[in-house]
């Protein structure tokens, strides 16, 4: 399971995973075989001890009773005979045990038993260990010194010769491998396999952040990223592609980059082992730590020790761990760029899912009335304004009806949004609450209508710089006032200017939602909290 987890996380490749599985299999086979071999050797040793005791006791009985020997004389003679018999009997027993052990403990590999035995016995380290044991036995008083010392020197010399031969072979193999690699590189032609495709979403981390990814060290980044992907898929209405996490040695140790389509869209710095105390704007004291900025929203924050967590919370700080800080940043970026995450493949998957329940609805739409590219663009337009595409059935019904009138994705999007109005409004307020809205002064709204009619369709809404500056300033002030009251900032305008106004406001006032009158359900209570007027006399 650990190997599969590393493989899924991208820590190891398929070849390394296969090699690790083979190594674990061989270890399992070896230990199982050794268990059986130990039982066999144990039985043989017990039998040898019983034979030894029987020979000594029987010899003493025969010497005392039949040959009238003294106990000491009988013990000396028959103990020596027993030892000699045991040594002679152990020679075939040793050969038999060695042969049996080689057969029993053989591990299942691609090598034959001969090659496997040769590779294991042809081991300089084993010969050096055997030489050391023989040397110790040869130095024991009363032992045949000449034989044991001769065998010790012979084993040591053989091990030395094998080690030198192995070193020469290693150098030769390395040289041949380098030459073969150079030859292969010279012969190899560049092909499409050498061109890597960019990942849709990736998370590059410095080597100092690797503990956040490793489950063995308590890393929680992988489950947090998986949770972000699952949550966004449920909220946006389509499956988010897997997020690839990889270490990047070009980054600073504590830095991470969030990459979308091969381009860095966000970055931050994380302190492993510390927690981030975020200042929401109304804290009652200061904390000792490393000042920083919260990466998702740019709020002031401090890296603190985990022991300060409870104290920081009593002061009003929001405390999160390092993995949560990265996951929050990732969640914000993916949500803000949801339109880039949906392609033709995801659109086709959504259509196939609806077709499993309503096949006729999808058959009438694609490809007879609208091509897949147009449907994809409509879905991207919807997502671009933070609206979910979960209600695909309603979207397909509107597209099927409106396709006879227009094929323009922007006009089709404007036709779909009113049918999704209730879902849009409920994402802003609760069901029973009134919708606080900001409106434009009628003269200002009429002026924008006139400017839009005078502009070409390709050029969009082009307004005078003074008017634009005054409009954005007034909208920013009213948005701030409404948010300070605890309400969502919602601007309601006529359907004709809503798409263009929403497009130019999006990157200047990201917290302001622009709706048209037709997108608010008929039974939804509305409360006008501000009216925007611009003095364009200059």
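Rule-based calculations on the coordinates, nothing more; no lab input. As the structure is a computational prediction, the values presented were derived from the model and not from experiment. Every residue, glycine among them, receives a Cβ derived from its backbone with ideal geometry; neighbour counts consider all protein chains shown.
Take residue 282 and residue 309, extend 7 Å from each Cα along the Cα→Cβ direction, and tell me the distance between the two endpoints in nm.
Distance between label points: 2.5 nm.
Where q = 0.11 Å⁻¹, what log10 of I(q)/I(0) comes from the Debye formula for the range 201-338, counting one point per Cα?
Debye intensities relative to I(0), on a log10 scale: -0.40.
Gain in length, residue 72 to residue 372, computed as 0.36 nm per residue apart minus the alpha-carbon separation, to one decimal in nm?
Numbers: separation 300, 0.36 × 300 = 108.00 nm, distance 10.67 nm.
Extra length from residue 72 to residue 372 when fully extended: 97.3 nm.
So how much slack lies between residue 91 and residue 340, counting 0.36 nm per residue of separation and subtracting their Cα-Cα distance, in nm?
81.8 nm
Working from the alpha-carbon coordinates of the chain, get Rg over Rh, Rh being the Kirkwood radius.
On the way: Rg = 40.5 Å, Rh = 32.2 Å.
When Rh is taken as the Kirkwood radius, the ratio is 1.26.
With r as the distance between the Cβ atoms of residue 235 and residue 431 and R0 = 22 Å, compute the FRET efficiency 1/(1 + (r/R0)^6) and round to 0.05. Spell out each step's value before the answer.
Details: r = 18 Å, r/R0 = 0.81.
E(calc), rounded to 0.05, equals 0.75.
So how much slack lies between residue 423 and residue 196, counting 0.36 nm per residue of separation and subtracting their Cα-Cα distance, in nm?
Numbers: separation 227, 0.36 × 227 = 81.72 nm, distance 4.03 nm.
Extra length from residue 423 to residue 196 when fully extended: 77.7 nm.
Percent antiparallel among DSSP beta bridges with both residues in the range 201-338, to the nearest 5?
Approximately 85 percent, going by the DSSP bridge assignments.
How far is helix 322-336 tilted, in degrees, relative to the longest principal axis of the Cα atoms in the chain, given as a value from 0 to 90 rounded to the nearest 10?
For helix 322-336, the angle is close to 40 degrees.
Sorting 148, 238, 472 on the 10 Å Cβ count, fewest up front, what's the list?
Values: 148 18, 238 23, 472 15.
With the sparsest Cβ surroundings first, the list reads 472, 148, 238.
Per residue of the chain, what 222 nm ellipticity follows from adding -39500 (n - 2.57) for every DSSP H run with n ≥ 4, rounded to the nearest 500?
Values: 19 runs with 301 residues, N = 538.
Taken over the chain, the calculation gives -18500 deg cm²/dmol.
Please determine, in degrees from 0 to 90 and to the nearest 10, the orientation of helix 221-236 with respect to the longest principal axis defined by the Cα atoms of the chain, where the helix direction is its Cα long axis.
That works out to roughly 30 degrees.
Only bridges with both residues in the chain count here: give the DSSP antiparallel percent, nearest 5. Walk me through the numbers on the way to the answer.
On the way: 23 of 39 bridges.
In the chain, DSSP labels about 60 percent of beta bridges as antiparallel.
Modelling each spin label as a point 7 Å along the Cα-to-Cβ direction, I'd like the residue 51/residue 518 distance in nm, to one decimal.
Spacing of the two 7 Å Cα→Cβ label points: 10.4 nm.
Do me a favour and compute the ellipsoid semi-axes for the range 249-322 from its Cα gyration tensor, root of five times each eigenvalue, largest one first, whole Å. Working shown, then result.
Numbers: eigenvalues 135, 37, 14 Å².
Working from the Cα gyration tensor, I get semi-axes of 26, 14, 8 Å.
Return the distance in nm (one decimal) between the two label points of a simple spin-label model at residue 454 and residue 129, each offset 7 Å from Cα along Cα→Cβ.
Result: 9.4 nm between the two label points.
Compute the angle between helix 442-454 and the longest alpha-carbon principal axis of the chain, please, reported from 0 to 90 degrees and rounded to the nearest 10.
That works out to roughly 80 degrees.
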